[in-house]
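Visitor: Sharing a structure, written as structure tokens. Questions coming.
The values are calculated or read from the model by the stated rules, or taken from the named source; none is laboratory data. These numbers were taken from a predicted model, which means no experiment stands behind them. Ideal geometry is used to build each Cβ from the backbone, glycine not excepted, and the neighbour counts take in all protein chains shown. The protein model used for the area step is the full one, side chains on, heavy atoms only, and it has no ligands, DNA or RNA in it. Shrake-Rupley method; radii C 1.70, N 1.55, O 1.52, S 1.80 Å.
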Amino acid sequence: MAGQPLSCRASPGGYGYGGDLGGLREREFPRLRGITYLDHAGATLFPDSLLKAFTEDLRNNVYGNPHSQNISSKLTYDTIEHVRYRILQHFGTTSEDYTVIFTSGCTAALKLVAEAFPWMPEGSKQPSSRFCYLTDSHTSVVGMRGITASMNVLSVPVKPKELLSEKNWLPAEEQNCTTPHLFSYPAQSNFSGTKYPLSWIQDIKSGKLCPIKMPGKWFVLLDAASYVSCSPLDLGVHQADFIPISFYKIFGFPTGLGALLVNNRIAPLLRKTYFGGGTAAAYLAGADFYFPKKSMAERFEDGTVSFLDIIALKHGFDVLEKLTGGMEKIKQHTFALAHYTYNVLSTLKYANGAPVVRIYSDTDFSNPDVQGPIINFNVLDENGEVIGFSQVEKMASLHNIHVRTGCFCNTGACQMHLGISDEDIQRNLQAGHVCGDDIDIIDGRPTGSVRISFGYMSSFEDAQTFLKFIVATRFSNSDTEIPFQSSVTKLTTEPVPDDGTYFKNADKLSPRTHISDRELGNNSSVTVKTVGWQPAESESESIRATISETAVPTCRGDGNPITVTNIFLYPIKSCSAFEVTEWPVGNQGLLYDRNWMVVNQNGVCLTQKQEPRLCLVNPSIDLKQKIMVIQAEGMDTISVSLEENTGKEAVICESKVCSHRVKTYDCGEKTAGWFSMFLGRPCRLIRQCPDKKNSMQHKNTKGPTCATSISLSLVNEAQYLLINVASILQLKEHISARLEEPLEMEELIRRFRANIVISAPESFEEEEWAEISIGALRFQVVGPCSRCQIICIDQQSGERNKEVLQSLSAARGRKTNFGVYLMNQPLCSSFPDTLSVGSQVLPVLKENTEIQRPTSSEEKCSG
């Protein structure tokens, strides 16, 4: 269907909260400028006024330990009790019916239920208990079966269609049995946003609906963590027995605090074995005597509760009500955005009529009572093949769009919607895929999906930005129109009728695909730096001959040798390259390659993902003077000694690079001040400690090695990264077709931040190699490098260009592999090894040419 182009227009009238959502975002969420945050189901964002009110409270009051009896402690105790009341009020109930037990989060609340529920184990005189849970449940719910199994209680998974399809009545005589059973289900699926009927609570408790035919009394655990983030829950009407929640899902702050709301009618039945500080009315240390406190909350809150975080909740409720007018308005607002986005997204088509996305949903997004503000999908190509979620997430990051990918801690829903069998899950595990990694396609089938979710401060512009991203990345410039139109109407906070007539007066939208390319600036030429370092010559030729005998080179029809054309090292991780014509090789790779890195005030490594300006920092190594010189435009030149500082004055700290834990030491206040001034944020320069006992073992290393372990510097994955000029040339053709001004070869080479650049005749033939030798050095190829958005950064200007990653993904069949990782196999020789430009490269083909993936689940960047 043809229509008008998708354009970024003013949001419809009546939209937001009192028509001032833009002002609200500007005042409360200025950090969202330029960012489209669509992971509110993972964690919503806190408003500035919440923190301001909370910190003002802390500055003006003294809050002591609530277990003490002094004035400040009494203030804390009374404030906590007020917050309990406020929580119950928020959920439409009182302390007469429910008790609030504070926990560290929803997961801890679920664990508490599993441990305290009055299970009747197998082998008892009366019928045993059952723990039933909906398969569309969070991992933390399914994990309760580990505790029930230890108590000799059977767990039974129940599929949603089994409960939705028919009513299983429990005979009256079986309802008289007192054996307690527990059924858990989510009020809202965190995978798809489906809202399951709250009427199930009463139906199951009354025996009108049974998860399984089993005599006994059923209790209901309603997992409300996802639901209450954007929807009102009235426990006065829907009286579940247990309701676990996490407050950061509602307010964004504080994190690490949740609660279990317990129906007081079941409270006397709950069991507890462990008792911590504050839970005992009396106990004996020398005898087995313990008497619990009378209060249900005090009995189950072991130790001192996180009382300052609990006090923050009061301000969370106050601010949320003030900004939005309440949960009903949030429900309507967020659903309106999801409804609009779903309607547009579901009608996007390629020129051949194939859908652009496959949406995983149980509803048609017509009613906010059955659908939350979550859209789960996979992007498809023109042939209907799934584009891996990892690639979609990388592309979204280029557009500053924050999404969630994977299975979202809900394997049951992922299996149900994606058609993944139990056997598939086990085979995928054997293939190296684990929850949370970026292995998105196995045997041509997706292992997960993409999820977007809206929060109370989400805007119409957020939805439009996301839709424009899908359009821009799925359609080429040659496409003039996208055949879809939307039947949505203006967004309001009025109740949405169930008959689907809502939105019918909106402007119809159809996007026109125009991918705007940022023009590249002029790049200054790069001077090749040479270093006057010469290796000893003894043994060199004999070892080269030994390698040549074992490493049989690939046969070439044209007889042209493969040679090294460029050598780069990166003394400071993620900073500019230092190019040389020859360089010594150490036991961690090129000498001084990525020995230093820049960290923020919390000690977290900074890369060009967060700070593109790092590429403008130019470090160089002077081996004669034994210093590293650091330069940047507009800054004074500074130097750092190459001598390792391991004295008592060195500040030793532990850092993390991807999954590797390393010991580092701080390089002092002078360099910290230099980097902080250049980057405009507090940061420091740190260096890896030389402690060989902390050398990192690499999983992929095989074959002969020296007696000493192969270790890594501050690299992400391997000692070296190699790229092929022929591969760059092929990619350049794809990129040039999408840009008005094609990128120069030198610029492209620098974007891929390799250590070794070679000139092989065939593009991507390096991925078929098992080993290579360069001069007297021998390397094992340990896997391809899966690229991230750093390759989109011009290494001379720090500017971004999305086309590079998009072109790479298109050229490589929806994958972003480019270049291969190498690990050095030391020769244990008596002379220092060196790597030189012009050296011949002798490759050995794999026996099985299937490209192996690196074992780490971390995203492989060439930082």
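Visitor: Kindly indicate whether Ala285 is assigned by the TED database to the domain that holds Ser189, more than 32 Å from the chain's Cα centre (by Cα) and modelled with pLDDT of 95 or more.
Guide: yes
Visitor: Moving on. Among the residues of region 789-816 satisfying the criterion of being touching a Pro at 6+ places or on another chain (Cβ under 8 Å) and of a type in the set (D, E, K, R), which is surrounded by the most Cβ atoms within 10 Å (Cβ to Cβ)?
Guide: Arg800
Conditions (1) in contact with a Phe, Trp or Tyr (Cβ under 7 Å, 6 or more places away or on another chain); (2) open to solvent by 70 Å² or more (accessible area, probe 1.4 Å); (3) assigned by the TED database to the domain that holds Leu835; (4) part of a loop (DSSP other than H, G, I, E, B), marked per residue:
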{"position": "Gly603", "(1), (2), (3), (4)": "no, no, no, yes"}
{"position": "Lys609", "(1), (2), (3), (4)": "no, no, no, yes"}
{"position": "Cys615", "(1), (2), (3), (4)": "no, no, no, no"}
{"position": "Ser620", "(1), (2), (3), (4)": "yes, no, no, no"}
{"position": "Glu633", "(1), (2), (3), (4)": "no, yes, no, yes"}
{"position": "Val640", "(1), (2), (3), (4)": "no, no, no, no"}
{"position": "Asn645", "(1), (2), (3), (4)": "yes, no, no, yes"}
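Visitor: Working only within region 707-757, note down all residues that are basic (Lys, Arg) and in contact with a strand residue (DSSP E or B) (Cβ under 9 Å, 6 or more places away or on another chain).
Guide: Hits for region 707-757 are Arg750, Arg751, Arg753.
Visitor: Does Asn378 satisfy the condition of being open to solvent by less than 10 Å² (accessible area, probe 1.4 Å) and within 17 Å of Asp39 (Cα to Cα)?
Guide: The answer is yes for Asn378.
Visitor: Go through region 25-39 and report how many residues are under 19 Å from Ser453 (Cβ atoms), in contact (Cβ under 8 Å) with a residue 60 or more places away in the chain and not acidic (Asp, Glu).
Guide: Residues flagged as under 19 Å from Ser453 (Cβ atoms), in contact (Cβ under 8 Å) with a residue 60 or more places away in the chain and not acidic (Asp, Glu) within region 25-39 amount to 7.
Visitor: Which pairs do you get when a residue that is open to solvent by 10 Å² or more (accessible area, probe 1.4 Å), found in region 249-274, comes within reach of a residue that is of a type in the set (Lys, Arg), reach meaning Cβ atoms under 8 angstrom, with the pair 6+ apart or on two chains?
Guide: Correct list of pairs: Lys272/Arg299.
Visitor: Now for a different question. Could you check region 405-456 and list, in sequence order, the residues that are of a type in the set (Asp, Glu) and closer than 25 Å to Phe469 by Cβ?
Guide: Hits for region 405-456 are Asp437, Asp438, Asp440.
Visitor: Which count do you get for residues in region 428-480 that are touching a helix residue (DSSP H, G or I) at 6+ places or on another chain (Cβ under 9 Å), closer than 30 Å to Phe247 by Cβ, open to solvent by 30 Å² or more (accessible area, probe 1.4 Å) and not in a loop (DSSP other than H, G, I, E, B)?
Guide: Looking only at that region, the number is 1.
Visitor: Something else about it: Could you count how many residues in region 281-319 are among the hydrophobic types (A, V, I, L, M, F, W, C) and surrounded by fewer than 16 Cβ atoms within 10 Å (Cβ to Cβ)?
Guide: The qualifying residues number 8.
Visitor: Follow-up question, since we're still on this one. Give just the number: which of (1) in contact with a Leu (Cβ under 6 Å, 6 or more places away or on another chain); (2) of a type in the set (D, E, K, R); (3) under 30 Å from Pro368 (Cα atoms) does Asp318 not satisfy?
Guide: Among (1) in contact with a Leu (Cβ under 6 Å, 6 or more places away or on another chain); (2) of a type in the set (D, E, K, R); (3) under 30 Å from Pro368 (Cα atoms), the lone unmet condition for Asp318 is (1).
Visitor: Regarding Lys349, is this residue open to solvent by 50 Å² or more (accessible area, probe 1.4 Å), in contact (Cβ under 8 Å) with a residue 60 or more places away in the chain and within 29 Å of the chain's Cα centre (by Cα)?
Guide: yes
Visitor: Which condition breaks for Lys208 when tested against (1) surrounded by fewer than 19 Cβ atoms within 10 Å (Cβ to Cβ); (2) free of Cβ contacts under 8 Å to residues at least 40 places away in the same chain?
Guide: Every listed condition holds for Lys208 apart from (2).
Visitor: While we're looking at this one, here's another question. Gly18 passes all but one of (1) open to solvent by 50 Å² or more (accessible area, probe 1.4 Å); (2) modelled with pLDDT of 95 or more; (3) not charged (D, E, K, R); which number fails?
Guide: Here Gly18 clears every test but (2).
Visitor: Confirm whether Val386 is buried (at least 16 other Cβ atoms within 10 Å of the Cβ) and either closer than 25 Å to Ile35 by Cβ or not assigned by the TED database to the domain that holds Thr194 (or both).
Guide: yes
Visitor: If I ask for residues that are modelled with pLDDT under 95 and in a loop (DSSP other than H, G, I, E, B), which ones from region 209-224 would you list?
Guide: Leu209, Cys210, Pro211, Ile212, Lys213, Met214, Pro215, Gly216
Visitor: Of all residues in region 330-344, how many are within 14 Å of Leu38 (Cβ to Cβ) and in contact with a helix residue (DSSP H, G or I) (Cβ under 7 Å, 6 or more places away or on another chain)?
Guide: Residues in region 330-344 being within 14 Å of Leu38 (Cβ to Cβ) and in contact with a helix residue (DSSP H, G or I) (Cβ under 7 Å, 6 or more places away or on another chain): 3 in total.
Here is a yes/no grid of residues against (1) touching a strand residue (DSSP E or B) at 6+ places or on another chain (Cβ under 6 Å); (2) farther than 18 Å from Arg474 by Cα; (3) of a type outside the set (A, V, I, L, M); (4) at pLDDT below 95:
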| residue | (1), (2), (3), (4) |
| --- | --- |
| Val370 | yes, yes, no, no |
| Asn376 | yes, no, yes, no |
| Met395 | no, no, no, yes |
| Ile420 | no, yes, no, no |
| Asp438 | no, yes, yes, yes |
| Gly448 | yes, yes, yes, no |
| Met457 | no, yes, no, no |
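Visitor: Condition test on Thr107, is it of a type outside the set (A, V, I, L, M, F, W, C) and over 29 Å from Asn410 (Cα atoms)?
Guide: So Thr107 does not fit the description; no.
Visitor: Can I ask one more? Out of Gly863, Gly819, report the one residue that is open to solvent by less than 10 Å² (accessible area, probe 1.4 Å), small (Gly, Ala, Ser), modelled with pLDDT of 85 or more and in contact with a helix residue (DSSP H, G or I) (Cβ under 8 Å, 6 or more places away or on another chain).
Guide: Unique residue meeting the criteria: Gly819.
Visitor: A follow-up question, please. Being open to solvent by 20 Å² or more (accessible area, probe 1.4 Å) and in contact with a helix residue (DSSP H, G or I) (Cβ under 6 Å, 6 or more places away or on another chain), is that true of even one residue in region 708-718?
Guide: Within region 708-718 (the criterion being open to solvent by 20 Å² or more (accessible area, probe 1.4 Å) and in contact with a helix residue (DSSP H, G or I) (Cβ under 6 Å, 6 or more places away or on another chain)), the answer is no, since none of the residues qualifies.
Visitor: Could you list all residues from region 225-248 that are part of a loop (DSSP other than H, G, I, E, B), open to solvent by 10 Å² or more (accessible area, probe 1.4 Å), out of contact with any Pro (no Cβ under 8 Å at 6 or more places or on another chain) and not aliphatic (A, V, I, L, M)?
Guide: Correct list: Pro232, Asp234, Gly236, His238, Gln239.
Visitor: Of all residues being of a type in the set (Val, Ile, Thr) and farther than 12 Å from Ala312 by Cβ in region 44-63, which is least open to solvent (accessible area, probe 1.4 Å)? Just the residue, please.
Guide: Filtering first and then ranking leaves Thr44.
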